[in-house]
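The block underneath contains the structure these notes are about, expressed in structure tokens.
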Number of protein chains: 2
Amino acid sequence: MLRLSKLTDYAVVLLTRLEGEGVQAAPDLAAATGIAEPTVAKVLKILAGAGLVEGLRGARGGYRLSRPLAELPLSEVIAAVDGPIALTACVDSAVGLCEAENTCPVRGRWDPVNRAIRQALSGITVADLAAPRPAAPPAAPPTRPAAIAATA
Amino acid sequence: MLRLSKLTDYAVVLLTRLEGEGVQAAPDLAAATGIAEPTVAKVLKILAGAGLVEGLRGARGGYRLSRPLAELPLSEVIAAVDGPIALTACVDSAVGLCEAENTCPVRGRWDPVNRAIRQALSGITVADLAAPRPAAPPAAPPTRPAAIAATA
DNA sequence: TGCAATCCGGACCAGGACAGTACGGATTGA
DNA sequence: TCAATCCGTACTGTCCTGGTCCGGATTGCA
């Protein structure tokens, strides 16, 4: 399994929650999403550091999006939370990190793979994940109306 | 960072090592690649279980490829070693696994992302990783001849 | 027929990374 | 002046991963 950090998942959830709501404080977001408050604060701090959201201090402060979600590629979120997108530790022509460097037949060969992944992720915005299937491609229907975007 | 298990890395190395060499025993492969012998055995067992290599028992036994690498998409190797390719634990319309299921605005939305990743990986074969750039697409040159495929 | 080489299957253990928590400080608005 | 809120850092417990080991089954050769 190609694991993505849980925090990235939270980040996407929180970002979609911030959309169109103006400024929201961390505790409110925690209540709305069901994510523990300290964790929400942690994720938002990371996102603020990357410039994806703005933190407003003081009373009546909170967080707000610095860009609409439709202009925010998923790759940026992942890069902000999980670090640079790379499939393996053995990438980007790093030298001297691997003791099998000289006998390894695939040295540096992962680069095209990483490039493919990055490209795939750049084509998807956070808005695509949040939208209730505006123009869904031919795929199995969700069959789960559930309570998408319930305003707790 | 979008982590890929180290074992997958080993798997690719071992597969490229098996290419065109006929039957090879695990200890030989270990010596050739610099990977610890028990680990080599472990990886090969996994690959054999997935049908990517064949294990031949008995004296003069060993492993050999069941398919040429050029016909082996990377996605199969990853799926064999790391399990099904999926970016997050919250996928494939799994129900009841997430306590925030009802308030989560991105439920099931990761599917297109996973599909994109899968597609990107399906287009790359193991041979692409091993080959010394037979017909490289327009991309930045490696600028690192290094010691690719040194026969230790 | 016996022996050695090799794969097979499972269980086991240690290390590291990650998620989650807590605390004190700085900033802002009422 | 005070309360609300974000900011930065450090800490801890848990889970996953990588790596190791053992006994058993199978096969080829002398």
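The values are calculated or read from the model by the stated rules, or taken from the named source; none is laboratory data. Since this is a predicted model, take the numbers as computed values, not measurements. Here the Cβ is made from the backbone with ideal geometry for all residues, glycine too, and neighbour counts use every protein chain on show. Accessible surface areas use protein heavy atoms only, side chains included; no ligands, DNA or RNA. Shrake-Rupley method; radii C 1.70, N 1.55, O 1.52, S 1.80 Å.
Where helices (runs of 4 or more DSSP H) fall wholly inside the stretch B:1-63, the ranges with 3 or more residues that are within 7 Å of DNA strand C (Cβ to nearest atom) and either without any contact (Cβ under 8 Å) to a residue 60 or more places away in the chain or within 18 Å of residue B:81 (Cα to Cα) (or both) are B:37-49.
In the stretch A:8-25, the condition of being closer than 26 Å to residue A:116 by Cα, within 13 Å of DNA strand D (Cβ to nearest atom), charged (D, E, K, R) and open to solvent by 50 Å² or more (accessible area, probe 1.4 Å) is met by no residue. Selection over the stretch A:26-42 of residues that are away from chain B (no Cβ under 14 Å) and either open to solvent by less than 40 Å² (accessible area, probe 1.4 Å) or in contact with a helix residue (DSSP H, G or I) (Cβ under 8 Å, 6 or more places away or on another chain) (or both) gives a count of 4.
The residue of the stretch B:26-51 that is farthest from the chain's Cα centre (by Cα), among those that are closer than 15 Å to residue B:12 by Cα and away from DNA strand D (no atom under 13 Å from the Cβ), is B:32. Checking each residue in the stretch A:64-77 for being surrounded by 15 or more Cβ atoms within 10 Å (Cβ to Cβ) and assigned to a helix (DSSP H, G or I) picks out A:69, A:74, A:75, A:76, A:77.
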